[in-house]
Each structure stands twice: as C-alpha cells, then as structure tokens.
Amino acid sequence: MRGTSPHPASPKEPSRRFCVAPMMDWTTSHYRFLARLLSRNALLYTEMVTTGALIHGDTERFLRHDSTEYPLALQLGGGDPQELAHCSKLAEQFGFDEVNLNVGCPSDRVQNNMIGACLMGHPDKVADSVRAMIEATDLPVTVKHRIGIDGRESWDDLCEFVEKVSEAGCRTFIVHARIAILEGLSPKENRDIPPLKYDWVYRLKTKYPHLEIIINGGIKTFEECDEHLRHTDGVMLGREAYHNPWLLAGVDPAFFGQSAPVETRHQTLRAMFPFIQSELERGVFLTHISRHLLGLFHGQPGGRQFRRYISENAHKTGAGLEVIQTALEKVREPENRAIAEA
Ligand SMILES: Cc1cc2nc3c(=O)[nH]c(=O)nc-3n(C[C@H](O)[C@H](O)[C@H](O)COP(=O)(O)O)c2cc1C
C-alpha cells in the first residue's frame, strides 16, 4: 500500500488519499459509475453545481446520483453564505459524504457571480461561507482552491487565505498547485499555462501540519502520486483519471491495500451493460454515456477502433447497447489478468 496519511480519517470522513477531481461535463454520474467499478475507495467528486441552480432549478436533477457511487463529494459553486449553508444541508439530505466549495474555477461566467477562483481575493468572504456551511451540516466541509490569483499570488496571500478559512473550521484543503490568471486566460489555458508549484503545497503541509492537504494539478502516474504522498495527505487527479480511466483499477491495490475490484477492461465494460440499458430505458441518449467510455481502452491494441466505432455510431437515432457491444468486439480480450499496468 502506498502513502500512509498522517491524518487517518474519522469514521464519518471519507479517505482522501486518492481523489478524482470535479470536472464540469466530465464527472457526470455516468462517468462516476465507471470510476466506481474500477475503484471502491477513490473519493469521487461531482461536477460543480452552483447554489443558484440548486435553489432555483431542478434540485433533484442536479443532485441525483446512485448509491453505488459512494464515497462521493458534492462540489458547490457559490459566494453567499446563506445559500451555501442551505445547499450544504441539501447535500446531507441527499446522502453525499462531503461538501466542497469551489474556489478554483476561473471562468468569466462564475467570476461575474463571485464564484470560484476570484473568491481567493476575498478570504473573509470564503471564511464566512465555510462557517455557515459547517453550522448547517454535519458533513465535512472542504475547500478546493488555487495557490493564488493574479494580483494575490504571494506566499503570504496564500497563507492568509488558508489561515482565515481554517479558522472558520475547514480542515481539508485541496490545492491546485498553480495560480489562476483571471484576466486574459481561458479556463482551459488556466489549467496548463500558469506553472505548477508543487513545493508551495508541500510547504502548506509543513506550515500547517494539523490541516489535511490534498495536492492537485498535472499528476499522471502512481509514481508521481507516491512522491506527492511523501509531502501531503492525498492526491487528486483530474484529466488523467478521465482520459485513462483504467488507471483507477490500480488504485485499491496501490493506495488502500485491497485487491482490485475488476480484472480486465472487458469485464468492467460488461459490468456496465445493465446500467447502460436501464439508463437508455429512462430516456438517456447513448452518447451521454458512451462519451465517458472512450478512454477505457486507451493505449490498447484495438483501442482506436473501439473509440471510432462508438464515435461514428452512438449518436445515430435509436442507437442502443449493441453499439457498445460491437465496439467491444473490436478489442482483443486478454487471457490473463491485466490489472494495473496503467
Ligand atoms: C473539463 C474540466 C472541467 C473542470 N471542472 C471543474 C469544476 O467543475 N470544479 C473544479 O473545482 N475544477 C474543475 N476542473 C479542474 C479540475 O478539477 C482540476 O483542478 C484540474 O483539471 C487540474 O487537475 P489535473 O491536472 O489532474 O486535470 C475542471 C477541469 C476540466 C479538465
């Protein structure tokens, strides 16, 4: 087992040793179903849901998930303490294991509503929000943030943020190890261009050893995870866990001392068939599910044909499970256990 956290989670708390990042349009319940087949223990996060959407929109639809997805954290986007408190209560009622506040998203749309990374410029406001959330729920309340934003990017600014928010009661900080540049970079550029400064996240853990510090940004391999776990309490992977989901099949053996829940990619996909079928019967379009499966045979012989067959056929009217079944036949099934070569 890799990476022994100095902060064993209390029985109520999920382990955050290995987390899959919240990603809009990507970490949908369909992706999460796949991820959960691959690892029993990775902590999964929803896409960000804004407090406005939850309060004024179709609450049930936004919070819908399957109990098989647990442990599961709800990520909220918002800046108003009372609204965030209300939505944190909803998170608890709907059975989530954690409620997380997004202080890292740099898009213009959220900046206009004082949501996301721009809140790093307002640590008191974030602290008020966190305090209200903690009062409203027994769930762990966590914050996902950057190491800074343009104009507030010094080490002291970061420490002021962490200190104020931790004084409000937050003990878990998920830190994307780069600043967000709010003026001039798109959200996508903001995930690549500002340089990663892992050492700042390590320094946070050294300076605040009582806090749980989870590191995020640009992590791709278990070897990298091992290195980060020497300095922090947990790792969060986003894009790699999405584009190469089979990586998750190695998580339980590598980080939780357990056997892997599946042996092959084929077995995993077949285990999804009843779920896919029941979603189709509920009226879900096949593409909404199949787009999250495209990475499963990443780097495998036949993987490209698998992806191409799905891409060319899943959108057709009436497309059903047979598209996935035929696509699966394009990839050779290994005879032996093929776990965790990820
Ligand atoms: C398509 C996409 C959507 C994202 N949506 C969110 C989001 O809703 N909330 C959030 O906190 N971060 C979001 N992120 C950022 C990721 O959670 C993560 O911080 C970032 O991708 C860096 O980690 P990685 O290098 O492992 O991907 C998103 C990233 C991507 C690629």
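The values are calculated or read from the model by the stated rules, or taken from the named source; none is laboratory data. Keep in mind that this is a model prediction, so the values were computed, not measured. Glycine gets a Cβ as well: all are built from the backbone with ideal geometry, and neighbour counts include every protein chain shown.
Quick rundown of the values:
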read-out: The stretch 143-157 residues that are assigned to a strand (DSSP E or B), paired with ones that are basic (Lys, Arg) (beta carbon under 7 Å, 6 or more apart); value: ARG146/ARG178
read-out: GLY169 being outside any strand (DSSP E or B), within 16 Å of the ligand (Cβ to nearest atom), at pLDDT 95 or above and of a type outside the set (Asp, Glu); value: no
read-out: Scan of the stretch 253-282 for residues that are crowded, with 17+ Cβ neighbours inside 10 Å and not in a helix (DSSP H, G or I), ordered by number; value: ALA260, PRO261, VAL262, THR264
read-out: Qualifying positions in the stretch 14-41 - assigned to a loop (DSSP other than H, G, I, E, B) and either within 13 Å of the ligand (Cβ to nearest atom) or in contact with a Lys or Arg (Cβ under 6 Å, 6 or more places away or on another chain) (or both); value: ALA21, PRO22, MET23, MET24, ASP25, TRP26, THR27, THR28
read-out: Count of the stretch 81-110 residues which are more than 14 Å from the ligand (Cβ to nearest atom) and out of contact with any Gly (no Cβ under 9 Å at 6 or more places or on another chain); value: 15
read-out: Members of the stretch 170-184 that are within 22 Å of the chain's Cα centre (by Cα) and of a type in the set (Gly, Ala, Ser); value: ALA177, ALA180
read-out: Residue pairs meeting the criteria (Cβ under 7 Å; at least 6 apart or on separate chains; first in the same structural domain as THR28 (by TED's automatic domain parsing), in the stretch 46-58; second hydroxyl-bearing (Ser, Thr, Tyr)); value: THR46/THR27; GLU47/THR27; GLU47/THR28
read-out: Residue in the stretch 235-253 that is within 16 Å of the ligand (Cβ to nearest atom), free of Cβ contacts under 8 Å to residues at least 24 places away in the same chain, assigned by TED's automatic domain parsing to the domain that holds ASP192 and touching a Lys or Arg at 6+ places or on another chain (Cβ under 7 Å) present; value: yes
read-out: The lone exception for ALA271 - which of (1) within 30 Å of LYS207 (Cβ to Cβ); (2) among the small types (Gly, Ala, Ser); (3) outside the structural domain of ILE214 (by TED's automatic domain parsing) it fails; value: (1)
read-out: Test: residue in the stretch 110-118 that is over 27 Å from LYS188 (Cα atoms) and either assigned by TED's automatic domain parsing to the domain that holds LYS197 or surrounded by fewer than 17 Cβ atoms within 10 Å (Cβ to Cβ) (or both); value: no
read-out: Leading residue by the ranking (farthest from the ligand (Cβ to nearest atom)) among those in the stretch 42-65 that are under 22 Å from SER107 (Cα atoms) and among the hydrophobic types (A, V, I, L, M, F, W, C); value: ILE55
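Let's see how each residue does on (1) over 20 Å from ASN102 (Cβ atoms); (2) at pLDDT 95 or above:
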{"position": "PHE33", "(1), (2)": "yes, yes"}
{"position": "THR50", "(1), (2)": "no, yes"}
{"position": "ARG61", "(1), (2)": "no, no"}
{"position": "THR68", "(1), (2)": "yes, no"}
{"position": "GLY77", "(1), (2)": "no, yes"}
{"position": "GLU83", "(1), (2)": "no, yes"}
